[in-house]
Amino acid sequence: MAKTSEENRIESLRGELARHDELYYRQAQPEVSDSEYDALKRELEDLEKQHPELFSMDSPTNRVGDDLRDGFESYQHRQPMKSLDNTYSKDEFFAFVERVEKGLELEEIAFVVEPKIDGVAVSLTYENGKLIRAVTRGNGTEGDDITANVLSIKELPRVLKGADLPATIEIRGEIYMRNDEFDRINAERNAAGLEEFANPRNLAAGTVKMLDREEVAKRRLNVILYGLGFCEPQIVDAQSEFHAKIAEWVFPVGERFWKISGADEAWASIEELDSIREALPYPTDGAVIKVDSLEQQDLLGATSKAPRWAIAFKFAAEQSETTLENITIQVGRTGVLTPVAELKPTKLAGTTVSRATLHNQEEMERKDVRIGDSVIVEKAGEIIPAVVRVLVEKRPNNSIPFVFPAECPACEAPTQKLECEVALRCVNTECPAQVRGRLEHFASRQCMDIDGLGEAVVDQLVERSLVSTLSDVYRLTFEQLLELEKFAEKSARNLIDAINRSKRADLWRLLHGLGIPQVGASAAKDLAKAFGGLAELQNADLEGLIEIDGIGEKTAQGIVTYFENPKNAANLEMLYELGMDPVTPEVPSGAEAIFDGMTFVITGTLPTMKRDEAKALIESKGGKVAGSVSKKTTYLLAGEAAGSKLTKAEKHGVEVLSEASLLERIGK
């Protein structure tokens, strides 16, 4: 039977919201503002209420966003770490207060109001006063263990002092980057010819998930604590008492905190916070309002994704009306065409804005954005200018819809839209814009880490036809570099030295830098460990690739297609002829490789070993440690408080090992 228009819209909204969740939580690269996202979610919620027969627990309306990422161990929260529902108007806020009063059968409720920090949620576990673990929100039930990165935050106490410390306590908070630190980092990147980061929230989110601990420390993250998770024994009866207690323990807490009574006082506090937020040293995008009493919080309970006793009031992003004078198309390293609005300059959040993102072809067509339109522009996330609305009533009579080019604006090659993609692409891999993008990616810190080969230098090299392939980088001479703008003998020598050093980069860095579809840093490390060399990977078939934990069918097909391309094969051969000699991961052999081909998952608290120690021990014996249990898991190494992974292991018939049995198998 054919689907109705409502069914099709529900399916479309679920897919669109899932894509935005992936961009926001996992990639830290949101395409739309919070208000745009929430508008889509509310439309979906309304449709699902009208059609309860189409209910699904997998709908974005019924789950917490998921920031779990490969390369990090996952850990189960002792108490679920839910997100907050958002509200954008005074009427909606007062409706929330009415629901709380009705639920508690009281007319006057005590609330607390505090800034909503725009960062990355974290849960810190202290046992007997010692910090033992820092975990992201993840999917609300379990998150990524980022303890090693969190230890770089100098203001965070490792050991608590006091007479009334609980045996175990989870303290929730937000990791963020100060505005002045964000400006410092971008100034350094600008001076080096590198692309600037979009906003503090995205940079903080990317930093806490970096595997390079030294780089994390250089970026100077901060944290503010504000929430109580699991606590045994219970030490406070109210949110305001908790705030005072953790301040006693020398935790960084918000400098603005109101305990008030009733809706009117709460609203006055929200307005006061809105009036001073520009002067705060951290990025804030709203206020969080919570019922103060912990007993009342328990009585109100929670939905599957958010507590009923708290809500986030999101401040309106600063907006400005202006004229869209033109639409230009940018071409990225993979050939994706991105529309950009060229605007009549307008003042917005203290800066002059003349360009704004239009995201992609599908999003632009949904809004029906046209040249000559009067548009509303806002700074999504306070930083990225975006066109959020078209004032159709002001549209000129001679207006015509914008047509995406059939030819690439950078090279005039044909464009095409692949099935199941929202983006239009240039099909010419020799397109100058793609060449620039590939070279910048290859040289970036996350890949080959060629210091000094940034965007400005790459532009000159491509314009002068000195490089067109990755291998051309290794043909550059000292004399050629001296001819570039802003290059002297020292800078030319430094770049040549950096290029030569990169010839001995880790194999995974080379694999990541090649730009193989779907292969990021995590997949590159899996491939490097599984194959040990580039030649072995080039000869791998689809079935062999899919067998590798963490490599799905889509990624495997992308790898096979990449190496089957004669141009790619020729470029790789030339790289090796020019001295490329990547460092391959050490793989145990013989008697040492007793866990070769086996996949472990670690859960719970082990008696004597930390997780990192257990992981290193397993890997030293040839095994691999994954973050979640699946049918490919060989063993589950379980300690105390094993949680849901133990249930999954039993479901899949996975053998469970204790720390003692693991050591016995190794012979210790």
- Query: Consider Val601 against the criteria (1) part of a helix (DSSP H, G or I); (2) touching a residue at least 40 places away in the same chain (Cβ under 8 Å); (3) in contact with a strand residue (DSSP E or B) (Cβ under 8 Å, 6 or more places away or on another chain): it satisfies all of them except one. Which criterion is unmet?
  - Reply: (1)
- Filter pass, Ile289 being buried (at least 17 other Cβ atoms within 10 Å of the Cβ), of a type in the set (Val, Ile, Thr) and assigned by TED's automatic domain parsing to the domain that holds Asn186: yes
- Item | Where a residue in region 171-197 is under 21 Å from Asp285 (Cα atoms) and its partner, wherever it lies, is modelled with pLDDT of 90 or more and of a type in the set (Lys, Arg), with Cβ under 6 Å and at least six apart | Glu181/Arg220
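Please tell me if Gly103 is modelled with pLDDT under 90 and either more than 28 Å from Ala217 (Cα to Cα) or small (Gly, Ala, Ser) (or both). Even if it seems obvious, please write down each step before you answer.
On the way: modelled with pLDDT under 90: no; either more than 28 Å from Ala217 (Cα to Cα) or small (Gly, Ala, Ser) (or both): yes.
So Gly103 does not fit the description; no.
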- Note on the structure: Note on region 358-393: residues small (Gly, Ala, Ser), modelled with pLDDT under 85 and outside any strand (DSSP E or B) are Gly381
- Message: If I go through region 344-373 residue by residue, how many of them are closer than 21 Å to Ser399 by Cα and in contact (Cβ under 8 Å) with a residue 40 or more places away in the chain?
- Response: 10
- Query: In region 146-171, what residues are within 19 Å of the chain's Cα centre (by Cα) and outside any loop (DSSP other than H, G, I, E, B)?
  - Reply: Thr147, Ala148, Asn149, Val150
- Item | Residue within region 68-91 that is at pLDDT below 80, surrounded by fewer than 17 Cβ atoms within 10 Å (Cβ to Cβ) and not in a loop (DSSP other than H, G, I, E, B) present | no
- Subset of region 554-598, residues at pLDDT below 90 and assigned to a loop (DSSP other than H, G, I, E, B), comes to Thr584, Pro585, Glu586, Val587, Pro588, Ser589, Ala593, Ile594, Phe595, Asp596, Gly597, Met598
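Take Thr334 and decide whether it is closer than 30 Å to Val422 by Cβ, modelled with pLDDT of 95 or more and either surrounded by fewer than 19 Cβ atoms within 10 Å (Cβ to Cβ) or basic (Lys, Arg) (or both).
Working: closer than 30 Å to Val422 by Cβ: yes; modelled with pLDDT of 95 or more: no; either surrounded by fewer than 19 Cβ atoms within 10 Å (Cβ to Cβ) or basic (Lys, Arg) (or both): yes.
Criteria not met by Thr334.
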- Item | The one condition in (1) out of contact with any strand residue (DSSP E or B) (no Cβ under 8 Å at 6 or more places or on another chain); (2) within 19 Å of Tyr88 (Cα to Cα) that Asp298 fails to fulfil | (2)
- Query: What do you reckon, is Ala204 in contact (Cβ under 8 Å) with a residue 40 or more places away in the chain and surrounded by fewer than 18 Cβ atoms within 10 Å (Cβ to Cβ)?
  - Reply: no
- Is there any pair with a first residue in region 484-503 that is assigned to a helix (DSSP H, G or I) and a second that is β-branched (Val, Ile, Thr) whose Cβ atoms are under 7 Å apart and which are 6 or more apart or on different chains, and what are they? Ala498/Ile450; Ile499/Ile450; Ile499/Val473; Ser502/Ile450
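Could you run through region 412-439 and say how many residues are of a type outside the set (Ser, Thr, Tyr), over 18 Å from Val340 (Cα atoms), touching a residue at least 40 places away in the same chain (Cβ under 8 Å) and not in a helix (DSSP H, G or I)? Let's see the steps before the verdict.
Step one: of region 412-439, the residues of a type outside the set (Ser, Thr, Tyr) are 412-414, 416-428, 430-439.
Of the ones still in play, those that are also over 18 Å from Val340 (Cα atoms) are 412-414, 416-421, 427-428, 430-432, 435-436, 438-439.
After this cut, where a residue has to be touching a residue at least 40 places away in the same chain (Cβ under 8 Å) as well, the list is 417, 427-428, 431, 436, 438.
In the following step, the residues that additionally are not in a helix (DSSP H, G or I) were identified as 417, 427-428, 431.
Number satisfying all stated conditions: 4.
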- Task: Please work out which one of (1) buried (at least 16 other Cβ atoms within 10 Å of the Cβ); (2) on the phi < 0 side of the Ramachandran plot; (3) part of a loop (DSSP other than H, G, I, E, B) is the condition Asp472 fails and give its number.
- Result: (3)
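The values are calculated or read from the model by the stated rules, or taken from the named source; none is laboratory data. No experiment lies behind these values; they were computed from the predicted model shown. Methodologically, a virtual Cβ is constructed for each residue, glycine included, from the backbone with ideal geometry; neighbour enumeration extends over all protein chains shown.
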